[in-house]
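What follows is a single structure, written as structure tokens, with notes after it.
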Amino acid sequence: MASSLRWKIAQWAEIRWWKRYLKNKDQATYTQWKKDYWENLLAQLGENLKLSNDDVVLDAGCGPSGIYTILEDQEVVAIDPLLNEYKHLFNINDYPNTQFIEKSLEDYQGSNVYNIVFCMNVINHVQDIQKSTDNLIESLKPKGQLLLTIDAHNYSFFKHIFRLLPGDILHPHQYDLQEYEEMLTKRGMKIVKTIHIKKAFFFDHYLLLAEK
């Protein structure tokens, strides 16, 4: 679990980052760009992703432009502890099939509710990563799928340095790809596909698709 102070600093920095990032962007143009990004990402999964029109879906840590923006045919629940801070950055009325709930992953309880759970660029932002992972998996129906995007450390040295020092202020948790995969497999999840999205020096960006 991240310390309360480190997590609060990360949440403060997250809001500031979003406001600065979106400040001079046209909302409609940015939203369309983000929708295209999500569509292209999911297309890489092909038939491995079992997403149907009648599915019930969770967008965990939705932010102001989560994957709910492209899920027009599904019943969607979108949760985020900073939702009130984001509301001026998007119009919730544009997404009538989505129920928005201001709640953290640690506090969200649901048992065998969802066919698909999306947790995109979120899991290393939470305060208690173990409890959050438990809750995400518990909320899945049997054979349900979890999609997790992560920034995974490339070098053990920097991973341990960043755990000690706030070199990555937005993310209270620092793990490598194997550690993220083990968080899922030790809870009985089967990893169906791993996609290497982007390469960088400290972290590479991955999409993990796992099945309950």
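Looking at the stretch 82-91 only, could you name the residues that are surrounded by 14 or more Cβ atoms within 10 Å (Cβ to Cβ) and either in a helix (DSSP H, G or I) or among the β-branched types (Val, Ile, Thr) (or both)? Working first, answer last.
Step one: of the stretch 82-91, the residues surrounded by 14 or more Cβ atoms within 10 Å (Cβ to Cβ) are 82-83, 85-86, 89-90.
Within the stretch 82-91, 83, 85, 86, 89 qualify.
Can you pull out the residues in the stretch 186-205 that are assigned to a strand (DSSP E or B) and without any contact (Cβ under 8 Å) to a residue 24 or more places away in the chain?
190, 191, 194, 196, 198 - these are the residues of the stretch 186-205 that are assigned to a strand (DSSP E or B) and without any contact (Cβ under 8 Å) to a residue 24 or more places away in the chain.
Among 212, 186, 190, which is the only one that is in contact with a Pro (Cβ under 9 Å, 6 or more places away or on another chain) and either over 28 Å from residue 8 (Cα atoms) or loosely packed, with under 15 Cβ neighbours inside 10 Å (or both)? Before the answer, list the steps.
Numbers: 186 fails: in contact with a Pro (Cβ under 9 Å, 6 or more places away or on another chain); 190 fails: in contact with a Pro (Cβ under 9 Å, 6 or more places away or on another chain).
None of the others qualify; the one that does is 212.
Output the residue which, of all residues in the stretch 61-81 that are in contact with a helix residue (DSSP H, G or I) (Cβ under 6 Å, 6 or more places away or on another chain) and either at positive phi or not in a helix (DSSP H, G or I) (or both), is surrounded by the fewest Cβ atoms within 10 Å (Cβ to Cβ).
Going through the qualifying residues, I end up with 65.
Could you grab the pairs with beta carbons closer than 9 Å, sequence gap of 6+ or different chains, first residue in the stretch 26-46 and on the phi > 0 side of the Ramachandran plot, second one outside any helix (DSSP H, G or I) and surrounded by 11 or more Cβ atoms within 10 Å (Cβ to Cβ)?
As it stands, the answer is 46/193, since those pairs meet every condition given.
None of the figures in this text is laboratory data; all of them are computed from the coordinates on show. Please read all numbers here as calculations on a predicted model, not as lab measurements. Glycine gets a Cβ as well: all are built from the backbone with ideal geometry, and neighbour counts include every protein chain shown.
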